[in-house]
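Quick notes on the structure that follows.
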Amino acid sequence: MKNLQILILKSLITFLLTILTLPSIAQPGNIARADSLFKMKQYTQSAGIYQSVFQERKYTPAMLLKMAYIEEGLGKVGMTLYYLKLYYLASRDPQALIKMDELATKYNVSGYALKEADRLGLWYEHNKTTILLILIFFLLLSCVWAIYLHKNKQRVAASAWLTIVLTLGVLIINNYEPPHSVIVKNDHTYLMSGPSAGASVVAVIPEGHQLKEMGYEDVWVKVKWMDQPAYVKADALLEAIL
């Protein structure tokens, strides 16, 4: 029982730390100044402000959409798709997926056709906090129920099992991370057969492709390319996670 209590405590602490480190809202003054420059079509100046705000993890969905617009104007398809992906994760606007698919078709890059598993993963990422809060709420109720039954000298087996199941649910949801996708940001990116510069070249691909990330080995990222594993330098990729 003591180990179970420790697991619950660790899970709750991790969850609270996750909440506290979520991206904050951008400073209104900076956003207003950048938006004003954007409206005047001074895209380079506005992009600089947006980028500084973004690096501080203080951004809004509207800002991400404007950053995607600027990058598209510059012809940087990788960065455009990256900001559109972030915008979608922040807003759940289905038009973002349509735009990403249009760009993927236009520039002949792959990885943007959503399968059912991809949709489920996106739904999970968007609703993870809500699911955790619901499970924690019912976990607390089950603990209160168990205490009530114990004080009244009634059988607590059912409430104990429910508490265990809910605790496992909290631990699984809190620690599970669905497979992530990465977007190629550099043109002429080399995919290697192994995590080494001396490995054979599998393919040379342009920026914009979205690849399934399968793990890290030092400075290399293992990805899936044409249903086969390959390795890419981490600094050639963008991971779209809020």
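The values are calculated or read from the model by the stated rules, or taken from the named source; none is laboratory data. All of these numbers come straight from a predicted model, not from anything done at the bench. Glycine gets a Cβ as well: all are built from the backbone with ideal geometry, and neighbour counts include every protein chain shown.
Please state which one of Glu177, Glu125 is in a helix (DSSP H, G or I) and of a type in the set (Asp, Glu). Explain how you work it out, then say what you get.
Values: Glu177 fails: in a helix (DSSP H, G or I).
Among Glu177, Glu125, only Glu125 is in a helix (DSSP H, G or I) and of a type in the set (Asp, Glu).
Could you please tell me which pairs satisfy a Cβ distance under 7 Å, a separation of 6+ or placement on different chains, a first residue in segment 81-106 that is on the phi > 0 side of the Ramachandran plot, and a second residue that is assigned to a helix (DSSP H, G or I)?
From residues that are on the phi > 0 side of the Ramachandran plot, the pairs are Arg92/His126.
So, in segment 51-61, how many residues would count as being assigned to a helix (DSSP H, G or I) and within 18 Å of the chain's Cα centre (by Cα)?
Step one: filter segment 51-61 for residues assigned to a helix (DSSP H, G or I), giving 51-55, 61.
Next, from what is left, pick out any that are within 18 Å of the chain's Cα centre (by Cα): 54-55, 61.
Going through segment 51-61 one residue at a time, the tally reaches 3.
Checking the condition within 22 Å of Val109 (Cβ to Cβ), modelled with pLDDT of 90 or more and touching a Phe, Trp or Tyr at 6+ places or on another chain (Cβ under 6 Å), which residue from Met214, Met192 passes? Give the steps one after another, and end with the answer.
On the way: Met214 fails: touching a Phe, Trp or Tyr at 6+ places or on another chain (Cβ under 6 Å).
Going through Met214, Met192 in turn, just one is within 22 Å of Val109 (Cβ to Cβ), modelled with pLDDT of 90 or more and touching a Phe, Trp or Tyr at 6+ places or on another chain (Cβ under 6 Å): Met192.
Report the residue count in segment 28-50 for those that are assigned to a helix (DSSP H, G or I) and farther than 19 Å from Ser91 by Cα. Walk me through it before giving the result.
First, pick out the residues of segment 28-50 that are assigned to a helix (DSSP H, G or I): 28-39, 43-50.
From the residues that got through so far, the ones that are farther than 19 Å from Ser91 by Cα too are 29-30, 32-34, 36-39, 43-49.
So the answer is 16.
Pick out the one residue from Asn174, Asn186 that is surrounded by fewer than 17 Cβ atoms within 10 Å (Cβ to Cβ) and either touching a residue at least 40 places away in the same chain (Cβ under 8 Å) or not β-branched (Val, Ile, Thr) (or both). I'd like the intermediate steps shown before the answer.
Working: Asn174 fails: surrounded by fewer than 17 Cβ atoms within 10 Å (Cβ to Cβ).
After applying the criteria, what remains is Asn186.
Please find, among Gly198, Gly208, Gly194, the residue that is over 17 Å from the mean Cα position of the chain (by Cα), within 18 Å of Tyr112 (Cβ to Cβ) and either among the hydrophobic types (A, V, I, L, M, F, W, C) or in a loop (DSSP other than H, G, I, E, B) (or both). Don't jump to the end; show me each part of the working.
Numbers: Gly198 fails: within 18 Å of Tyr112 (Cβ to Cβ); Gly194 fails: within 18 Å of Tyr112 (Cβ to Cβ).
Answer to the check: Gly208.
Mind telling me which of the residues Leu162, Leu191 ends up being touching a residue at least 12 places away in the same chain (Cβ under 8 Å) and either loosely packed, with under 14 Cβ neighbours inside 10 Å or closer than 30 Å to Asp218 by Cα (or both)?
Selected residue: Leu191, the only one of Leu162, Leu191 that is touching a residue at least 12 places away in the same chain (Cβ under 8 Å) and either loosely packed, with under 14 Cβ neighbours inside 10 Å or closer than 30 Å to Asp218 by Cα (or both).
Counting only residues that are over 22 Å from Asn127 (Cα atoms) and either crowded, with 19+ Cβ neighbours inside 10 Å or among the hydrophobic types (A, V, I, L, M, F, W, C) (or both), how many does segment 66-98 have? Please lay out each step first, then the result.
Our first condition is that a residue be over 22 Å from Asn127 (Cα atoms); within segment 66-98, this holds for 66-81.
Now restrict to residues that are either crowded, with 19+ Cβ neighbours inside 10 Å or among the hydrophobic types (A, V, I, L, M, F, W, C) (or both): 66-68, 70-71, 74, 77-81.
Of the residues in segment 66-98, 11 are over 22 Å from Asn127 (Cα atoms) and either crowded, with 19+ Cβ neighbours inside 10 Å or among the hydrophobic types (A, V, I, L, M, F, W, C) (or both).
How do the pairs read when you match residues in segment 130-144 that are in the same structural domain as Leu162 (by TED's automatic domain parsing) and under 15 Å from Leu171 (Cβ atoms) with residues anywhere that are small (Gly, Ala, Ser) and surrounded by fewer than 14 Cβ atoms within 10 Å (Cβ to Cβ), using Cβ under 7 Å and keeping only pairs 6 or more apart or on different chains?
none
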